[in-house]
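Below is one structure; the comments refer to it alone.
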Amino acid sequence: MSDKRKARTVAETPTHSPVGGPGSGSRPASEQDAPVIVSNVPGSFARGVLANRHPALIEQVRDAFPYGPRQHEALDALLDANNNGVIEPLAPSESDQELWWGWGRELFGRSWFDAPFLWAESYFYRRLLGAVGYFGAGPWQGVDPFAPFKRAELRGTAVDEELRALDALAGVPADERATALLHASVRGNRADLGFRVTEGDTAPGAAADDLVADDSPLLWQLLPAGAGATVAVVADNAGRELIPDLILIDHLLLHRHAERIVLHVKPYPYYVSDAMTADVVDCLRRLAEAPGEAGRIGSRLWDAMATGRLEVRAHPFFCSPLPYEEMPGDLRAEFAAATVTILKGDLNYRRLVGDRAWNATTPFADRTAYFPGAAAALRTLKSDVTVGLEQETLDALERSGTAWRTSGTHALIQVRG
Ligand SMILES: O=P(O)(O)OC[C@@]1(O)O[C@H](CO)[C@@H](O)[C@@H]1O
């Protein structure tokens, strides 16, 4: 962690005030140093994630596999540390021990609730994988603890219905279809299995599709047909989010809005349902084996993989607890070479604009000015961070008295060209 970042984080942690909920849009966060979100504020969303979602998740994972005593003991220890304990560093034998030490040196020995929310969540997932033996040499190495949930979702009848709906869409004009597919990709971000651990079923289409910001005209301007664009797509969740993302990717390739697309996924399981290469393969199979238009999309994408027009990458940075502002040079170069980078989902948004209590009218372009090239965020609102709203929009949301920031009922399409 850089000294600059360390100083900001530590200094601001104790002075953080609750964020989210009615009235929070008027908090006087300066544009430069909005407080880092931590999880020690009673009643805050971040506290709820650590206090409720993480323990529930440990139990779900425990119940989903016939783990042995070693895994059960490690899960018990993680549960205890999450609820009552302090953050322990990784064992020296772990290959990423030094890396995490560097990212959180000053946080070890402190309560999980006092660490920056983004860091604490990321480290929780790292510890969970460690507890079930994901990284260790042994029979559980590489076994995705979230695979049963991802698999059940992908096999569900809801996916059948969503794929069947593509047949009706095949006949509509290309621009209408493009809008529908873009919105489906945004709405797909509601299908987040981590969110559903405590928030219940807010699956795609279950709630009003309420866009609080919509820069989609700018996105299409950046991608005129036939201009030879390369698009980077930073994926979020597998299954019911990744399927509409892949369908949108097919549309971009088919209508030559992009000549080449690089799909960035996680190198290992993360935030419950985040997509890895194995999930891309499962989704492509699901599409390719479906009847009708979905099957045609699946085989086109399969071919696009074979010719390199669609490529999958899994950079380790995606599983780090860092904001995109601190991305390494090779990833920066990759995004710089893209015509536009589309970042899916809530966590990517937090990492893109910074996991801080920004004033919601802070311009999106200011918060993403560091990003190497054009950036587009497609996100359902599922955490406190929001920027780029018009004052009237913010006022109306605050008047609504709803938990609009965190309940997954609202979404946004924000673009910086
Ligand atoms: O990135 P995603 O899948 O859209 O959302 C991730 C999420 O479920 O996890 C975090 C809380 O655990 C929040 O940022 C958000 O609600």
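For residue 118, state whether it is assigned by TED's automatic domain parsing to the domain that holds residue 377, at pLDDT 95 or above and crowded, with 17+ Cβ neighbours inside 10 Å. Steps first, answer last, please.
Values: assigned by TED's automatic domain parsing to the domain that holds residue 377: no; at pLDDT 95 or above: yes; crowded, with 17+ Cβ neighbours inside 10 Å: yes.
Spelling it out, it is not the case that residue 118 is assigned by TED's automatic domain parsing to the domain that holds residue 377, at pLDDT 95 or above and crowded, with 17+ Cβ neighbours inside 10 Å.
Of the candidates 246, 222, the single residue that is surrounded by 16 or more Cβ atoms within 10 Å (Cβ to Cβ), out of contact with any Leu (no Cβ under 9 Å at 6 or more places or on another chain) and more than 21 Å from residue 122 (Cβ to Cβ) is 222. Within the range 336-375, being over 26 Å from residue 402 (Cβ atoms) and among the small types (Gly, Ala, Ser) holds for 336, 337, 338, 365, 369, 373, 374, 375.
Only one of 394, 352, 343, 378 is over 20 Å from the mean Cα position of the chain (by Cα), assigned by TED's automatic domain parsing to the domain that holds residue 185 and under 27 Å from residue 194 (Cβ atoms). Can you tell me which? Full working, then the answer.
Values: 352 fails: over 20 Å from the mean Cα position of the chain (by Cα); 343 fails: over 20 Å from the mean Cα position of the chain (by Cα); 378 fails: over 20 Å from the mean Cα position of the chain (by Cα).
Result: 394 is the single residue among 394, 352, 343, 378 that is over 20 Å from the mean Cα position of the chain (by Cα), assigned by TED's automatic domain parsing to the domain that holds residue 185 and under 27 Å from residue 194 (Cβ atoms).
Return the total of residues in the range 276-330 being closer than 20 Å to residue 229 by Cα and touching a strand residue (DSSP E or B) at 6+ places or on another chain (Cβ under 8 Å). Counting residues in the range 276-330 that are closer than 20 Å to residue 229 by Cα and touching a strand residue (DSSP E or B) at 6+ places or on another chain (Cβ under 8 Å) gives 9.
All of 124, 149, 108 fail the test of being at pLDDT 95 or above and either away from the ligand (no atom under 16 Å from the Cβ) or more than 21 Å from the chain's Cα centre (by Cα) (or both), apart from 108. Restricting to the range 28-82, and then to whatever is in contact with a Ser or Thr (Cβ under 7 Å, 6 or more places away or on another chain) and more than 16 Å from the ligand (Cβ to nearest atom), can you tell me which residue is modelled with the lowest pLDDT? That would be 31. When residue 92 is tested against (1) within 15 Å of residue 131 (Cβ to Cβ); (2) out of contact with any Pro (no Cβ under 9 Å at 6 or more places or on another chain), only condition (1) is not met. Against the numbered list (1) modelled with pLDDT under 95; (2) under 20 Å from residue 240 (Cβ atoms), residue 173 comes up short only at (2).
Among residues that are more than 20 Å from residue 40 (Cβ to Cβ), among the acidic types (Asp, Glu) and more than 25 Å from the chain's Cα centre (by Cα), residue 94 is included.
Annotation note: Cβ proximity below 6 Å between a residue of the range 170-188 that is over 19 Å from residue 233 (Cα atoms) and a residue that is in a loop (DSSP other than H, G, I, E, B) and at pLDDT 95 or above (sequence gap 6+ or interchain) occurs for 174/255.
Can you work out which of the residues in the range 386-415 that are of a type in the set (A, V, I, L, M, F, W, C) and free of Cβ contacts under 8 Å to residues at least 60 places away in the same chain is nearest to residue 44 (Cα to Cα)?
As a first pass, look at the range 386-415 and keep what is of a type in the set (A, V, I, L, M, F, W, C): 387, 389, 394, 396-397, 403-404, 411-413, 415.
So of that shortlist, the ones also free of Cβ contacts under 8 Å to residues at least 60 places away in the same chain come out as 387, 396.
On the way: 387: 18, 396: 21 Å.
If we take residues in the range 386-415 being of a type in the set (A, V, I, L, M, F, W, C) and free of Cβ contacts under 8 Å to residues at least 60 places away in the same chain, then 387 is nearest to residue 44 (Cα to Cα).
Just one of (1) at pLDDT 95 or above; (2) within 15 Å of the ligand (Cβ to nearest atom); (3) surrounded by fewer than 23 Cβ atoms within 10 Å (Cβ to Cβ) fails for residue 409. It is (1). Scanning the range 141-172 for residues that are outside any helix (DSSP H, G or I) and surrounded by fewer than 18 Cβ atoms within 10 Å (Cβ to Cβ) returns 141, 142, 143, 156, 170, 171, 172. Looking at residue 353, is it surrounded by 21 or more Cβ atoms within 10 Å (Cβ to Cβ) and either farther than 22 Å from residue 275 by Cβ or more than 16 Å from the ligand (Cβ to nearest atom) (or both)? Taking the combined requirement at face value, the residue does not satisfy it.
For residue 260, the requirement of being closer than 23 Å to residue 333 by Cβ, away from the ligand (no atom under 16 Å from the Cβ) and among the charged types (D, E, K, R) is met. Only one of the numbered conditions (1) in contact with a helix residue (DSSP H, G or I) (Cβ under 8 Å, 6 or more places away or on another chain); (2) at negative phi; (3) within 16 Å of the ligand (Cβ to nearest atom) is violated by residue 298, and that is (3).
The values are calculated or read from the model by the stated rules, or taken from the named source; none is laboratory data. No experiment lies behind these values; they were computed from the predicted model shown. Positions of Cβ are generated from backbone atoms using ideal geometry, with glycine treated the same way; all protein chains shown enter the neighbour counts.
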